[in-house]
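Trainee: Sharing a structure here in structure tokens format.
The values are calculated or read from the model by the stated rules, or taken from the named source; none is laboratory data. This one's a predicted model, so the numbers in the text were calculated from it and none came from an experiment. All Cβ positions, even for glycine, are placed from backbone atoms using ideal geometry, and neighbour counts span all protein chains on display. Note: accessible area is taken over every heavy atom of the protein model, side chains too, but ligands, DNA and RNA are not part of it. Shrake-Rupley method; radii C 1.70, N 1.55, O 1.52, S 1.80 Å.
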Amino acid sequence: MLDASKKSATGLGYYEDKYLDYMHHSVGGAKLLVRKQPIINRGYYTRVTCFRQIIQNFLDATKASGPRQVINIGCGYDTLSFHLVDEGHEDLSIFEVDYENVIMRKTDMIRRSAELNQLLQGNGNPLGGPNYGFNTPMLKFIAADLQQSTVVEALAGAGLNPSHPTLILSECVLVCKYSLEILSYMNLATASSGRP
């Protein structure tokens, strides 16, 4: 489930992620740690540092704008949303999108963790709505196939508001044509509302 490279990088102190162990699968009750080469660890450090800085820049730039949104397309078992919830940002909605089986597994991992349940304080019912997994006032999991146009409808159904400032993270799924449709949806709605 979890990329062993992330575990290697955090396990060797390249960066910290206090939520990573909750997303780390185990075999026979023992958590696996595979030591990766330094270049891999440095690569993950660089990736995490860059993404955290981009997100912080967005949050700083939009702080006075009212409601804001972050969409993580192809979220996998990333812990970004847990950190954002923990930081307590006001007027922030987070939408995590991935395949149904990924969303169901991630939801199950959250349900098994008292700490994550307490942090998120949400409904841990997998696929509680037509396309949703774990839902809280701040965090929405959306089960959708990015190769299907229904992903745009699923985001809208989960409460995505195209008039709010939105940061779209689309790591490793840029080849998906519906990533572009989401961007188009956001741009068209923004243009029709007169917002820059």
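Trainee: Rounded to a whole number of µm²/s, how large is the Stokes-Einstein D of region 42-104 at 4 °C and 1.567 mPa s, given Rh as the Kirkwood radius over C-alpha pairs?
Mentor: On the way: Rh = 12.8 Å.
For the chosen part, D equals 101 µm²/s.
Trainee: While we're looking at this one, here's another question. Starting with the highest mean, order 37-50, 79-92 by the number of other Cβ atoms within 10 Å, averaged over the residues of each peptide. Could the numbers behind the result be given before it?
Mentor: Details: 37-50: 14.4, 79-92: 16.2.
For the peptides 37-50, 79-92, the packing ranking is 79-92, 37-50.
Trainee: Taking 0.36 nm per residue of sequence separation and subtracting the Cα-Cα distance, how much length would be gained by fully extending the chain between Asn101 and Gln121, in nm to one decimal?
Mentor: 5.0 nm
Trainee: Calculate one ³J(HN,Hα) per residue across region 66-80 by plugging θ = phi - 60° into the Karplus curve 6.51 cos²θ - 1.76 cosθ + 1.60, and present them in order as whole Hz with x for glycine and proline.
Mentor: Along region 66-80, the couplings run x, x, 10, 9, 10, 10, 10, 7, x, 5, x, 9, 4, 9, 3 Hz.
Trainee: Considering only protein heavy atoms, with the full assembly of protein chains and a 1.4 angstrom probe, order Arg112, Arg105 by accessible area, largest first. Show your work: numbers first, answer last.
Mentor: Working: Arg112 170, Arg105 100 Å².
Reading off the accessible areas and sorting them downward yields Arg112, Arg105.
Trainee: Something else: If you take the beta carbon distance between His89 and Gln37 as r and set R0 to 25 Å, what does 1/(1 + (r/R0)^6) give as a FRET efficiency, to the nearest 0.05? Mind showing how you got there, number by number?
Mentor: Working: r = 35 Å, r/R0 = 1.41.
Taking R0 as 25 Å, the efficiency between His89 and Gln37 is 0.10.
Trainee: Can you give me the long-range amide H partners of Ser93? Hydrogens built in the peptide plane at 1.01 Å from N, cutoff under 5 Å, separation of 5 or more residues or another chain.
Mentor: Arg68, Gln69, Val70
Trainee: Among Lys7/Lys140; Lys6/Lys36; Lys18/Lys106, which pairs are too far apart, with a Cα-Cα distance over 19 Å? Write out the running numbers ahead of the final one.
Mentor: Values: Lys7/Lys140 25 Å; Lys6/Lys36 9 Å; Lys18/Lys106 16 Å.
In this structure, Lys7/Lys140 exceed 19 Å between Cα atoms.
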